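Report on one structure; see the data block that follows.
The values are calculated or read from the model by the stated rules, or taken from the named source; none is laboratory data. Quick caveat, the model's predicted, so the values are computed rather than measured. Please note: Cβ atoms are built from the backbone with ideal geometry, for glycine as well, and neighbour counts cover all protein chains shown.
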C-alpha cells in the first residue's frame, strides 16, 4: 500500500498569513489504513483547533476498534468520540462548540475492504478495479451553496452518512472542498448539485505517485502542488488531500 | 519529467461562470502591412478594453486568436483580463484554410476542458477577418473541401457560429463559398468600410456581452455588424 497526503493554505489565507484550517490524520497499521480529513469553518474563531482535534480523535478511536470492521459501529463510534472531544474542548475553552466548527470525513481500509463516512463537504473518490470512479459518500451541503453541515452542528447525527462496503478497491483520493475544480467539479442538475470527478486527473495522479513515490518526497510534492499557482488559480480555498494506492501491482 | 503540478487541469478562470468562447482568425498577410495592421492591433486592444468594462463578459468570455500571415500562429483561450495580444506584424501569404482548421481544433479542445470540469458554455463564435484570398487552398482541392465541410458540419450541428469580415481587397467570392451552407440572405459575410476594425471589435464585444448575459438556449437579439452584408449567389 502506498499512501501520501498533504495540506496547504489557500491563496486567500496565505495573503493574510493565516494557517490552513484543513487537517489530516492518517494511521497505517499492519494491514490497514485509517484516515480522516476535516475542514474548519473560516467563520469560526477556533476552527483550526476543531479540525485538528476532530481528525486526531477520529483516527485514535477507529484504530482501536478495527476488530469491529466492517460493522458500521466502529465508524459511528469514532464520530461520536470526535464530537465528545470537541464538546470537552469547548468547555475547556469556555466557548461555544460552534467556535470549533469543522466538517469530518474518514474511513478505514482493512484486508482489501474499504468503508468511509462523512459529515460535511469533504469527500473521497474511490477507483475500482475496472477503473470506474465511485463517490461512496455524497458530501452534504447546507441550505445555500456555500454552507455545509459540521460535526459541531446541533443535529449533526442526522447528517452522518456511512458508505457501503467497497470490496477490493484499487485506490482512493480523499479531499476537502478546496480541491473543487482541481480533481472534481460540480454541476447543478434537476435541482441538485452533482459531483463530477476528473477521472483523467485522478488516474494520472495515481500513476505518477505509484511510479515516483520511492525516488521523490511525494508528500512534499503534493504540498507544493496544493500551494502552487496553478491549483490556487483553480481554487483559492485551503486544501487537504489523502491518496492511497492499495495494490499497485493491479495497476496497468 | 512532468511533475504532479503539470497534471492539474489547465486554468479556466471563473469556472463557476458559463463560458462564451470566441475564436478570432486574423489575417496578417503581407497585404495588411502598414496602416491596416496598425489599425488591427488597435482594434484588438480595444476589444480587450471593452470586454473588461463589462462585469459579466469579463468572467464569461474566453478569447483565442489564430493569426495567418506566412505561417499560422495559434494563441490559446484566455479571459479578457489575461488576453495580452502581441503587436501583430504583417507578412507572407494567406494560409486561411490551415488557420480555420486550427481554430476549430482549439475550440474542440477547450470544449473538452469545459466538459471535464462540468462548465457550461454558449455556442462558440468564430470570427474570420481577411483582406485577401486564401493562398493555401482553392475551390476543389482537399484543404478547401476539408475546411468547407468542417464549417458546414460545425454550424449545422450548432457547434459554432461563424462570421466573416472582409476589408478592401478581400475575396468575397471565396468567403461566400466558405459559408455557402448559410441561407443567402442570412449569410454572415460582411464588408467593412475601410479598415474600421475599431467599430468591428466594439460591435463584437457588445454582441458577446449580450450573449454572456443570456440564459442557455435563449434566443437573443444583437445589433447588425457595422458593415455591409454581402449577398452573392454561389
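Some observations on this one:
- Candidates B:25, B:47: the one that is part of a strand (DSSP E or B) and either within 14 Å of chain A (Cβ to nearest Cβ) or closer than 26 Å to residue B:154 by Cα (or both) is B:25.
- Residue tally, condition facing chain B (nearest Cβ under 10 Å) and without any contact (Cβ under 8 Å) to a residue 60 or more places away in the chain, over region A:195-214: 10
- Taking the criterion of being outside any strand (DSSP E or B) and under 15 Å from residue B:12 (Cβ atoms), the residues of region A:180-199 that qualify are A:181, A:182, A:183, A:198.
- Residue A:24 vs. criteria touching a strand residue (DSSP E or B) at 6+ places or on another chain (Cβ under 8 Å), modelled with pLDDT of 90 or more and closer than 15 Å to residue A:223 by Cα: yes
- In the condition set (1) modelled with pLDDT of 90 or more; (2) touching a helix residue (DSSP H, G or I) at 6+ places or on another chain (Cβ under 7 Å); (3) surrounded by fewer than 17 Cβ atoms within 10 Å (Cβ to Cβ), residue A:95 is compliant with all but (2).
- Number of positions in region B:89-117 that are free of Cβ contacts under 8 Å to residues at least 24 places away in the same chain and within 14 Å of chain A (Cβ to nearest Cβ): 3
- Looking only at region A:20-30, and only at residues there that are part of a loop (DSSP other than H, G, I, E, B) and without any contact (Cβ under 8 Å) to a residue 60 or more places away in the chain, the one that is surrounded by the fewest Cβ atoms within 10 Å (Cβ to Cβ): A:30
- Just so you know, in region B:28-44 the residues that are part of a loop (DSSP other than H, G, I, E, B) and in contact with a strand residue (DSSP E or B) (Cβ under 9 Å, 6 or more places away or on another chain) include one that is farthest from the other protein chains (Cβ to nearest Cβ), and it is B:29.
- Hey, residue B:20 away from chain A (no Cβ under 14 Å), under 14 Å from residue B:206 (Cα atoms) and at pLDDT 90 or above or not: yes
- Listed by position, the strands (runs of 3 or more DSSP E) inside region B:139-234 whose residues that are crowded, with 16+ Cβ neighbours inside 10 Å number at least 3 are B:161-166, B:189-192.
- Of everything in region B:78-88 that is within 14 Å of chain A (Cβ to nearest Cβ) and not in a helix (DSSP H, G or I), the residue that is surrounded by the fewest Cβ atoms within 10 Å (Cβ to Cβ) is B:78.
- For region B:27-42, the set of residues classified as touching a helix residue (DSSP H, G or I) at 6+ places or on another chain (Cβ under 6 Å) and surrounded by fewer than 21 Cβ atoms within 10 Å (Cβ to Cβ) consists of B:39 only.
- The condition (being over 30 Å from residue A:210 (Cβ atoms) and either surrounded by fewer than 17 Cβ atoms within 10 Å (Cβ to Cβ) or within 19 Å of the chain's Cα centre (by Cα) (or both)) is satisfied by just one residue among A:110, A:33, A:48: A:48.
- The residue of region A:218-229 that is surrounded by the most Cβ atoms within 10 Å (Cβ to Cβ), among those that are more than 9 Å from chain B (Cβ to nearest Cβ) and in contact with a helix residue (DSSP H, G or I) (Cβ under 9 Å, 6 or more places away or on another chain), is A:226.
- Residue among A:160, A:165 that alone is surrounded by 18 or more Cβ atoms within 10 Å (Cβ to Cβ) and more than 14 Å from chain B (Cβ to nearest Cβ): A:160
- Remark: residue A:17 matches the filter, which requires a residue to be farther than 24 Å from residue A:126 by Cα, out of contact with any helix residue (DSSP H, G or I) (no Cβ under 8 Å at 6 or more places or on another chain) and surrounded by fewer than 18 Cβ atoms within 10 Å (Cβ to Cβ).
- Restricting region A:176-194 to residues that are more than 9 Å from chain B (Cβ to nearest Cβ) and at pLDDT below 90, the residue that is farthest from residue A:55 (Cα to Cα): A:190
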